[in-house]
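Visitor: Below you will find the structure I want to go over with you.
The values are calculated or read from the model by the stated rules, or taken from the named source; none is laboratory data. None of the values given here were measured: they were computed from a predicted structure. Virtual Cβ from ideal backbone geometry, glycine too; neighbours counted across all protein chains shown. Ligands, DNA and RNA are stripped out before the accessible areas are found, and what is left, the full protein with its side chains, is counted by its heavy atoms. Shrake-Rupley method; radii C 1.70, N 1.55, O 1.52, S 1.80 Å.
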Amino acid sequence: MKLDSKSPSGPLEQKWDKHRFDLKLVNPANKRHHRVIVVGTGLAGASAAATMAELGYYVDSFCFQDSPRRAHSIAAQGGINAAKNYQNDGDSVFRLFYDTIKGGDFRSRESNVYRLAQVSTNIIDQCVAQGVPFAREYGGLLANRSFGGAQVSRTFYARGQTGQQLMLGAYQALSRQIARGQVRIHARTEMLDVVVIDGKARGIITRDLVTGKLERWLGDAVVIASGGYSNVYYLSTTAMGSNVSAAWRAYKRGAYFANPCYVQIHPTCIPVTGDHQSKLTLMSESLRNDGRMWVPKKQGDTRHPNDIPKDERDYFMERKYPSFGNLAPRDVASRSAKEVCDEGRGVGNTGLGVYLDLMDAIERLGKDKVSERYGNLLHMYHKITDEDPYTRPLRIYPAVHYTMGGLWVDYNLMTSVPGLFCLGEANFSDHGANRLGASALMQGLSDGYFVLPMTIGGYLAGSEISGDVTTDHDAFNQAEANVRGQIDRFLSNNGKQTVDSFHKRLGKIMWEYCGIARDQAGLEKALKLIPELRAEFWDDVNVPGSADDLNEGLEKAGRVADYLEYGELLVRDALARKESCGAHLRIDGFQTEEGEAIRDDENFAHVAAWGYPGDVDDTPIRHTEDLVFENVELSTRSYK
């Protein structure tokens, strides 16, 4: 089935303004008659809840953390893009649009990406008005720096804490609405199912993570803003609590899941040290402004990095991509780092690492200036590795970081289920096959502050939403029974293996066969191993404790059960996409001799959106949305 994006007609630069005008409006007096459910309180969810409440809607906001402030959005370090052109270096809305389309390897929807670039300038004004302490030049003007995939400086930042500061801005806006009574916040509460009535999303089932109580919530629309799915790989830079469950439960209620194989591998992460680890740590891409990536020219060179002369070093990013150098996009940098390590020139005890060297910057700018820019990041690196980045290069290696796939949404950010919307990293809409650095925060706040509050009004004004529905409806009864049935199944299982042991084994399968490089044989093997592991999980997992109080093992069990289903869909999508594009690298005939991606625009210039077949063991249904490029020319990406 071909999907309709509902992108408005007309010139690209006028689409969003025209669409806002064409949308039906909800009278201010009528907004107080509508209640919207928002799942997730990161940047997308918090900004959406706060803005809708400011407009007059009543909002129920849910997070499984003890406070919205603990959402994983706080972990974003480097910055947020906006086409302000403060540096007068040639930036513009169209250039940001083009860089994002190109960075995603021409696998994203033009209309959505242009709107993102348009709205980006408003985001900065909004956040400055909230008091977000962006870095400033000596004269007081907002400062900018460069990020990967761009040749202009458009990234606004708050040292290495940009996500945290933006989150505080959104949180204070949300807190204001909580105090006004427009928002009810439900912390330590996890969404476990979506309730669909008469074809429309009308509510959710939740579990109180402290008391274990299952509860039913009714609304006129449901918004999923629950983040990405990178923890399907077990080891990632994402917070360990982050999960795919909210989006996956929505998928099993009829929402299509788009492009799950698009998984971003970030090039600058602290390397794995052993099997004892349960998480990896990101080193911000901003370090590549001043840091130079290199490895020894000779294989097996174990000398201290400071003892290796410059003429015996391979600054491989500068050699391969002279125009962009160390600031090539993340997928390009990650592949390049893996390539030199595969050649036997990796560094560190495992050989899985490359150097990110700030020594030239320290010599040029001085230690104090480098510390001013990156001090908290370098302090974190020193604490974790016990290596001083001011006196020797950092060691980095690619790791799973962000997910470009997500629930399919149209131009209004509505999924294939009417009344069910999806924002931020949880949807697929803006980044194509690879996200550029500093664009995640931009998308989350664009969706939450400026897009959804407009488009959800069009849905509410134009839909017949029954006021007679209550939480006693049969759909609520069925959904709660399904949730309770899974919980009872976990607790009655007399297995011997822990939830974490299954998660770790799944992660190894995903990384080995569907990681940086993929091929048909490996993907087919993963498709055999994952269902076997899933069957073993249900046969032998052990979940101690009860359902009537705090039980972290039970929480994890539900999330890992979803990963064991979702991982299979991700692999299936990677197998079906017989091309290389962005972060999806097929090494079985879909790359050049230099290791660059070979796209197949004739057969795969589309979004793949998968529908749930009704049973997890049945083959999901693959739908497509053709990608039409009227304003940019499809071309082979080049950063040389």
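Visitor: For Arg505, indicate whether it is in contact with a Leu (Cβ under 8 Å, 6 or more places away or on another chain), basic (Lys, Arg) and at pLDDT 95 or above. Lay out the reasoning, then the answer.
Guide: Numbers: in contact with a Leu (Cβ under 8 Å, 6 or more places away or on another chain): yes; basic (Lys, Arg): yes; at pLDDT 95 or above: yes.
So Arg505 fits the description; yes.
Visitor: Can you give me the ranges of the helices (runs of 4 or more DSSP H) entirely in segment 16-113 with at least 2 residues that are among the basic types (Lys, Arg)? Before you say what the answer is, go through the steps one by one.
Guide: Numbers: elements: 28-31, 43-55, 93-103.
In segment 16-113, 93-103 are the helices (runs of 4 or more DSSP H) which contain 2 or more residues that are among the basic types (Lys, Arg).
Visitor: Right, another one. In segment 605-618, how many residues are in contact (Cβ under 8 Å) with a residue 12 or more places away in the chain and either buried (at least 18 other Cβ atoms within 10 Å of the Cβ) or over 25 Å from the mean Cα position of the chain (by Cα) (or both)?
Guide: 8
Visitor: Also, I was wondering about something else. Which of (1) more than 24 Å from Ile224 (Cα to Cα); (2) part of a loop (DSSP other than H, G, I, E, B) does Lys6 not meet, given it meets every other one?
Guide: Of the numbered conditions (1) more than 24 Å from Ile224 (Cα to Cα); (2) part of a loop (DSSP other than H, G, I, E, B), the odd one out for Lys6 is (1).
Visitor: Moving to a separate point now. Asn231 is checked against (1) over 17 Å from the mean Cα position of the chain (by Cα); (2) closer than 27 Å to Cys341 by Cβ and fails just one. What number does that condition carry?
Guide: Just one mismatch for Asn231, condition (1).
Visitor: Looking at Val59, Val39, Val26, which one is over 26 Å from Met283 (Cα atoms), touching a Cys at 6+ places or on another chain (Cβ under 9 Å) and among the β-branched types (Val, Ile, Thr)?
Guide: On the way: Val59 fails: touching a Cys at 6+ places or on another chain (Cβ under 9 Å); Val26 fails: touching a Cys at 6+ places or on another chain (Cβ under 9 Å).
It is Val39.
Visitor: Something else now. Would you be able to tell me the number of residues in segment 294-314 that are within 34 Å of the chain's Cα centre (by Cα) and farther than 13 Å from Arg345 by Cα?
Guide: Of the residues in that region, 0 qualify.
Visitor: Would you pick out the residues in segment 573-593 that are at negative phi, assigned to a loop (DSSP other than H, G, I, E, B), of a type outside the set (Val, Ile, Thr) and in contact (Cβ under 8 Å) with a residue 12 or more places away in the chain? Walk me through it before giving the result.
Guide: As a first pass, look at segment 573-593 and keep what is at negative phi: 573-581, 583-588, 590-593.
When the remaining residues are screened for being assigned to a loop (DSSP other than H, G, I, E, B), the result is 577-580, 583, 587-588, 590, 592-593.
Filter again for of a type outside the set (Val, Ile, Thr), leaving 577-580, 583, 588, 590, 593.
If the condition is that a residue be at negative phi, assigned to a loop (DSSP other than H, G, I, E, B), of a type outside the set (Val, Ile, Thr) and in contact (Cβ under 8 Å) with a residue 12 or more places away in the chain, then Arg577, Lys578, Glu579, Ser580, Ala583, Asp588, Phe590 are the ones that fit.
Visitor: Between a residue in segment 34-60 that is at positive phi and any residue that is of a type in the set (Gly, Ala, Ser), which pairs come within a Cβ distance under 6 Å, given they are 6 or more apart or on different chains?
Guide: Filtered contacts from segment 34-60: Gly40/Ala225; Gly40/Ser226.
Visitor: Continuing with the same structure: Considering only residues of segment 421-473 that are over 23 Å from His606 (Cα atoms) and of a type in the set (Asp, Glu), which is least open to solvent (accessible area, probe 1.4 Å)?
Guide: Asp472
Visitor: Tell me which strands (runs of 3 or more DSSP E) are completely within segment 192-249 and hold 1 or more residues being at pLDDT 95 or above and either surrounded by fewer than 24 Cβ atoms within 10 Å (Cβ to Cβ) or in contact with a Lys or Arg (Cβ under 6 Å, 6 or more places away or on another chain) (or both), or say none if there are none. Don't jump to the end; show me each part of the working.
Guide: Numbers: elements: 200-208, 214-218, 221-224.
Strands (runs of 3 or more DSSP E) meeting the threshold: 200-208, 214-218.
Visitor: Looking only at segment 300-352, count every residue that is surrounded by fewer than 18 Cβ atoms within 10 Å (Cβ to Cβ), among the polar types (S, T, N, Q) and more than 18 Å from Glu387 (Cβ to Cβ) and tell me the total.
Guide: Qualifying residue count, segment 300-352: 1.
Visitor: Checking the structure you have, find out if any residue of segment 92-103 is at pLDDT 95 or above and exposed (fewer than 15 other Cβ atoms within 10 Å of the Cβ).
Guide: yes
Visitor: Exactly one condition in (1) touching a helix residue (DSSP H, G or I) at 6+ places or on another chain (Cβ under 9 Å); (2) open to solvent by 10 Å² or more (accessible area, probe 1.4 Å) is not met by Pro389; state its number.
Guide: Only one criterion is unmet by Pro389, namely (2).
Visitor: Turning to a different aspect of this structure: Quick check on segment 538-552: of everything there that is open to solvent by less than 60 Å² (accessible area, probe 1.4 Å), of a type outside the set (Val, Ile, Thr) and not in a loop (DSSP other than H, G, I, E, B), which residue is farthest from Gln486 (Cα to Cα)?
Guide: Applying the filter and picking the extreme gives Asp540.
Visitor: What is the number of the single condition among (1) more than 24 Å from the chain's Cα centre (by Cα); (2) open to solvent by less than 20 Å² (accessible area, probe 1.4 Å) that Arg20 does not meet?
Guide: Result: Arg20 fails condition (2) only.
Visitor: Tally the residues that are open to solvent by less than 20 Å² (accessible area, probe 1.4 Å) and assigned to a helix (DSSP H, G or I), restricting the search to segment 122-155.
Guide: Of the residues in that region, 3 qualify.
Visitor: Could you tell me which residue of segment 156-191 is most open to solvent (accessible area, probe 1.4 Å), considering only residues that are within 23 Å of the chain's Cα centre (by Cα) and among the hydroxyl-bearing types (Ser, Thr, Tyr)?
Guide: This residue is Tyr171.
Visitor: Evaluate segment 326-334: report whether one residue or more is farther than 21 Å from His584 by Cβ and in contact (Cβ under 8 Å) with a residue 12 or more places away in the chain. Even if it seems obvious, please write down each step before you answer.
Guide: Filtering segment 326-334 down to residues farther than 21 Å from His584 by Cβ leaves 326-327.
Still in the running and in contact (Cβ under 8 Å) with a residue 12 or more places away in the chain: 326-327.
Taking every residue of segment 326-334 in turn, at least one turns out to be farther than 21 Å from His584 by Cβ and in contact (Cβ under 8 Å) with a residue 12 or more places away in the chain.
Visitor: Further, regarding this structure: Given the structure, is Arg599 touching a Cys at 6+ places or on another chain (Cβ under 8 Å), within 15 Å of Arg577 (Cα to Cα) and touching a residue at least 40 places away in the same chain (Cβ under 8 Å)? Quick ask: steps written out before the conclusion?
Guide: On the way: touching a Cys at 6+ places or on another chain (Cβ under 8 Å): yes; within 15 Å of Arg577 (Cα to Cα): yes; touching a residue at least 40 places away in the same chain (Cβ under 8 Å): yes.
Yes: the conditions hold for Arg599.
Visitor: Continuing with this model, one more query. So Thr624 fits all but one of (1) assigned to a strand (DSSP E or B); (2) more than 24 Å from the chain's Cα centre (by Cα); what number is the exception?
Guide: (2)
Visitor: Filtering segment 474-524 down to residues that are of a type in the set (Asp, Glu) and within 28 Å of the chain's Cα centre (by Cα), which residue is least open to solvent (accessible area, probe 1.4 Å)?
Guide: Here is the first cut: in segment 474-524, the residues of a type in the set (Asp, Glu) are 474, 480, 488, 500, 512, 519, 524.
In the following step, the residues that additionally are within 28 Å of the chain's Cα centre (by Cα) were identified as 500, 512, 519, 524.
On the way: Asp500: 66, Glu512: 120, Asp519: 50, Glu524: 91 Å².
So, considering only residues that are of a type in the set (Asp, Glu) and within 28 Å of the chain's Cα centre (by Cα), the one least open to solvent (accessible area, probe 1.4 Å) is Asp519.
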